[in-house]
Amino acid sequence: SCTAGEVLHWEVPSGRRVGKAGALRDTLWHTHSVVFQFGLLGVWPRGASPGLVTAVDISNDGEVCAVGEDGGSLKLFRHPATADRQLYREYFGHSSAILQVRFTHDDRHVLTAGADGAIFQWRHLRFGPDSDRLG
């Protein structure tokens, strides 16, 4: 993906570009770090520039999406986040863009690395299925 808002796929090892994304619809991916994907449509505010969301990761249990933004904020959404104006929790710490975000193997923490040179470890609190709290 890029700031042009495109997601391109290539076959490995041939290096040929996959012409239609629908051909990959049923593919199981090991990670979910591409900012442009169907399950994340709701993290994009209307009219947002393609560079707003700079990093994403989906929890290992598939229930929460962590989103890093160009202004340095971390947002947690329920996953999939496909609704318009999806609800989220927002956290602040970085003074510039978050370049990388990852859940730990047990989903107990979210790690962020920013363009400000800082690396943060955020505690991810688990709540019950009926809770609207995300972190």
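Here are a few things to note about the model shown:
- Computed from backbone phi with θ = phi - 60° and the Karplus coefficients 6.51, -1.76 and 1.60, the 3J(HN,Hα) list for region 104-116 is 6, 4, 9, 6, 7, 9, 10, 9, 10, 10, x, 5, 7 Hz; x is used for glycine and proline.
- Accessible surface of region 42-125, 1.4 Å probe, proportion on carbon and sulfur as whole %: 52 percent
- Amide H contacts for Val18 (H built 1.01 Å from N in the peptide plane; partners 5 or more residues away or on another chain; cut-off under 5 Å): His9, Trp10, Glu11.
- Counting Lys and Arg as +1 and Asp and Glu as -1 over every other residue whose Cβ lies under 14 Å from the Cβ of His94, the net charge comes to -3.
- Cubic angstrom per residue, convex hull over Cα atoms of region 66-131: 95 Å³
- Projected-area mean, region 40-103, by convex hull of Cα positions, square nanometres: 3.9 nm²
The values are calculated or read from the model by the stated rules, or taken from the named source; none is laboratory data. Note that this is a predicted model, so its numbers are computed, not measured. So basically every Cβ, Gly included, is an ideal-geometry build from the backbone, and we count neighbours across all protein chains shown. We work out accessible area using only protein heavy atoms, side chains counted, and drop any ligands, DNA or RNA first. Shrake-Rupley method; radii C 1.70, N 1.55, O 1.52, S 1.80 Å.
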